[in-house]
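Just so it is clear, none of the values below were taken in a lab; they were calculated from the coordinates. Because the structure is a prediction, the values reported are computed rather than measured. Cβ: placed from backbone, ideal geometry, glycine included. Neighbour counts: every protein chain shown.
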């Protein structure tokens, strides 16, 4: 996965298209902002989701955030390792700390997400 | 770090003055005799007292200093409340005593219910729920049964994103589905959005009023009309009622169900000094659904009525936290109508005064007037590498309790500040001065804030490890499987 080739959401999630399968995680910015993550709840694989459905919960020491599905499709795999060891997400949000894989029913949905450049710009606005 | 009382115990020691058993021992036949010691700490009375005095001296509490914890209404708990609640006639009661014996206690509960009805403009109150969230759950159960009786299967409860965090949880536990209503730029519900969302599937709009930003819904009349037109009910989370006493009677503006927190608005202690109490009030059409037993007055006598067909049933053993009712009753009677209104007015004045004093040093996302609390943000300190948590920890070094932090979620780096009416101007000035000093430290020497707190009994705690791998057994104890 190459960050520059992936897409991003306003909710600070990243989505990388690997041959029709969306690999999804949270961005470095989100991992830092949330702080120490202590609990992650994810759905079972096999369930179908629509774009922007809430699909999970990320509990950090200071706050709780929802995970939204950036695409529609079938959940084919969840990262069991981060459920057991949520600190992986703080350490490596982009590679080892991925959350979920979804077989996309409409890869065109990726077009209404941020490109890498657009997300970087969006982050810049957040910092102001 | 203090040791636990279990670690302080010494075998053979005891502070008990119970005489040796001189009654014949009966074999109950069916009973299973205890196998060994039950593990109570073995400690003499003097060491016991020292243990608790040591803990109390390390603790921070409202009797030690200002406690501006947003959404919690940490007001002064008058000593007279404790004195009245400590009267032998109250403390010596047993819940199974006959109604004849407890007429005074029933009268007090009956009167407290009536006073809450008067204050809130509701038709009936039940004192049974023992916490705010318990009141919410009871309210949701009432709504669920109401729609069942109407033969309607409504599933959705609308919850603004400025509501208390417990609201959606109560909704889910009751079997409804929460739907978030986003706030507009002003931090309020947008009636246009509500109009789109409210419909035939909407059971309830669950409204925190004033909301967690300390703002009163300007369009409240329209909001209530929209919800009622959709055939749904209005639930008001009355945890912030300290802004409204004698100013707004929620029932009179159309709120159908609400709870109040005696341990916030009505001056009874919080947390360990509690317990809590979250009475639930309803308007006339829902009165029959309140939990049983209900206290009824007939020919000057009070009794407990259990057989009310429509009632949702009991939500707590016995009658709720009675001792708390006595304190709230004492508070209401001591202040009276005028006094309660004055309390709310002063709570609002204090919050607005403090907001203006803090504003030059911290971001205020929703400036203008607030009600009893306001939300500041440490966002402007991020450029110095300082976060709200650092500001909160540094406040402890100055001998002040931190405000609520990182809530509400809709304000980044939130500091939710509720000064309450019982703090005098000099105390507010001191708090504002300290907040300003901390902002200056953030700019000049952020390391001070990263290190904070340095003067407290324990330094910054490792909250992540505490949450990830909690140790739930005291040293030396053998943990049951699954406990640690």
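What about residue B:234, is it under 25 Å from the mean Cα position of the chain (by Cα) and part of a strand (DSSP E or B)? Spell out the reasoning first.
Working: under 25 Å from the mean Cα position of the chain (by Cα): yes; part of a strand (DSSP E or B): yes.
Yes; evaluated as a whole, the condition is true for this residue.
State whether one or more residues within the range A:62-78 are in contact with a helix residue (DSSP H, G or I) (Cβ under 7 Å, 6 or more places away or on another chain) and in a strand (DSSP E or B).
Yes: the range A:62-78 contains one or more residues that are in contact with a helix residue (DSSP H, G or I) (Cβ under 7 Å, 6 or more places away or on another chain) and in a strand (DSSP E or B).
State whether one or more residues within the range B:34-56 are surrounded by 11 or more Cβ atoms within 10 Å (Cβ to Cβ), in contact with a helix residue (DSSP H, G or I) (Cβ under 7 Å, 6 or more places away or on another chain) and part of a loop (DSSP other than H, G, I, E, B).
Checked against the condition, which is being surrounded by 11 or more Cβ atoms within 10 Å (Cβ to Cβ), in contact with a helix residue (DSSP H, G or I) (Cβ under 7 Å, 6 or more places away or on another chain) and part of a loop (DSSP other than H, G, I, E, B), the range B:34-56 yields at least one hit.
Here is a check on your reading of the model: is residue A:117 assigned to a helix (DSSP H, G or I) and either within 14 Å of chain B (Cβ to nearest Cβ) or out of contact with any strand residue (DSSP E or B) (no Cβ under 9 Å at 6 or more places or on another chain) (or both)?
Numbers: assigned to a helix (DSSP H, G or I): yes; either within 14 Å of chain B (Cβ to nearest Cβ) or out of contact with any strand residue (DSSP E or B) (no Cβ under 9 Å at 6 or more places or on another chain) (or both): yes.
Yes.
Being under 27 Å from residue B:242 (Cα atoms), in a helix (DSSP H, G or I) and either within 14 Å of chain A (Cβ to nearest Cβ) or free of Cβ contacts under 8 Å to residues at least 24 places away in the same chain (or both), is that true of even one residue in the range B:368-386? Before the answer, list the steps.
Step one: list which residues in the range B:368-386 are under 27 Å from residue B:242 (Cα atoms), which gives B:368-378.
From what is left, the residues that are in a helix (DSSP H, G or I) are B:378.
Restricting the remaining residues to those that are either within 14 Å of chain A (Cβ to nearest Cβ) or free of Cβ contacts under 8 Å to residues at least 24 places away in the same chain (or both) gives B:378.
Yes, the range B:368-386 contains a residue that is under 27 Å from residue B:242 (Cα atoms), in a helix (DSSP H, G or I) and either within 14 Å of chain A (Cβ to nearest Cβ) or free of Cβ contacts under 8 Å to residues at least 24 places away in the same chain (or both).
Among the residues of the range B:395-417, is any within 14 Å of chain A (Cβ to nearest Cβ) and surrounded by fewer than 16 Cβ atoms within 10 Å (Cβ to Cβ)? First the steps, then the outcome.
Our first condition is that a residue be within 14 Å of chain A (Cβ to nearest Cβ); within the range B:395-417, this holds for B:402-416.
Narrowing further to those that are surrounded by fewer than 16 Cβ atoms within 10 Å (Cβ to Cβ): B:409, B:412.
Within the range B:395-417 (the criterion being within 14 Å of chain A (Cβ to nearest Cβ) and surrounded by fewer than 16 Cβ atoms within 10 Å (Cβ to Cβ)), the answer is yes, since at least one residue qualifies.
Of the residues in the range A:84-98, how many are touching a helix residue (DSSP H, G or I) at 6+ places or on another chain (Cβ under 6 Å), within 14 Å of another protein chain (Cβ to nearest Cβ) and in contact (Cβ under 8 Å) with a residue 12 or more places away in the chain?
Total satisfying the criteria: 2.
Among the residues of the range B:373-385, write down those that are over 27 Å from residue B:265 (Cα atoms) and surrounded by fewer than 24 Cβ atoms within 10 Å (Cβ to Cβ). Spell out how you get there, then give the answer.
Of the range B:373-385, the ones over 27 Å from residue B:265 (Cα atoms) are B:378-385.
The answer is B:379, B:380, B:382, B:383, B:384, B:385.
Do we find a residue being under 29 Å from residue B:393 (Cα atoms) and surrounded by 15 or more Cβ atoms within 10 Å (Cβ to Cβ) anywhere in the range A:116-124? Give the derivation first.
Initially, the range A:116-124 is screened for residues under 29 Å from residue B:393 (Cα atoms), giving A:123-124.
Narrowing the set further to residues that are surrounded by 15 or more Cβ atoms within 10 Å (Cβ to Cβ) leaves A:123.
Yes - at least one qualifying residue is present in the range A:116-124.
Return the residues of the range A:19-55 that are part of a strand (DSSP E or B), surrounded by 18 or more Cβ atoms within 10 Å (Cβ to Cβ) and either within 14 Å of another protein chain (Cβ to nearest Cβ) or on the phi > 0 side of the Ramachandran plot (or both); say none if nothing qualifies.
Scanning the range A:19-55 gives A:37, A:38, A:40.
Output the strands (runs of 3 or more DSSP E) that fall wholly within the range B:276-343 and possess 3 or more residues being buried (at least 23 other Cβ atoms within 10 Å of the Cβ) and in contact (Cβ under 8 Å) with a residue 24 or more places away in the chain, or say none.
Passing ranges, in order: B:280-282.
Just one of A:80, A:59 is under 30 Å from residue B:461 (Cα atoms), free of Cβ contacts under 8 Å to residues at least 40 places away in the same chain and within 14 Å of another protein chain (Cβ to nearest Cβ); which is it? Walk me through it before giving the result.
Values: A:80 fails: within 14 Å of another protein chain (Cβ to nearest Cβ).
Within the list A:80, A:59, the selection yields A:59.
Spot the failing condition for residue B:125; the list is (1) in contact with a strand residue (DSSP E or B) (Cβ under 6 Å, 6 or more places away or on another chain); (2) not in a strand (DSSP E or B), and only one is missed.
All conditions pass for residue B:125, except number (2).
Quick one: count up the residues across the range B:184-209 that are crowded, with 23+ Cβ neighbours inside 10 Å and in contact (Cβ under 8 Å) with a residue 60 or more places away in the chain.
Result for the range B:184-209: 4.
Residues that are touching a residue at least 60 places away in the same chain (Cβ under 8 Å): find the helices (runs of 4 or more DSSP H) completely inside the range B:389-469 holding 3 or more of those. Step through it out loud before you land on a result.
Details: elements: B:425-444, B:446-451, B:463-468.
The qualifying helices (runs of 4 or more DSSP H) are B:425-444, B:446-451.
Need the failing condition index for residue B:116 against (1) within 20 Å of the chain's Cα centre (by Cα); (2) surrounded by 15 or more Cβ atoms within 10 Å (Cβ to Cβ); (3) not in a helix (DSSP H, G or I), just the number.
(3)
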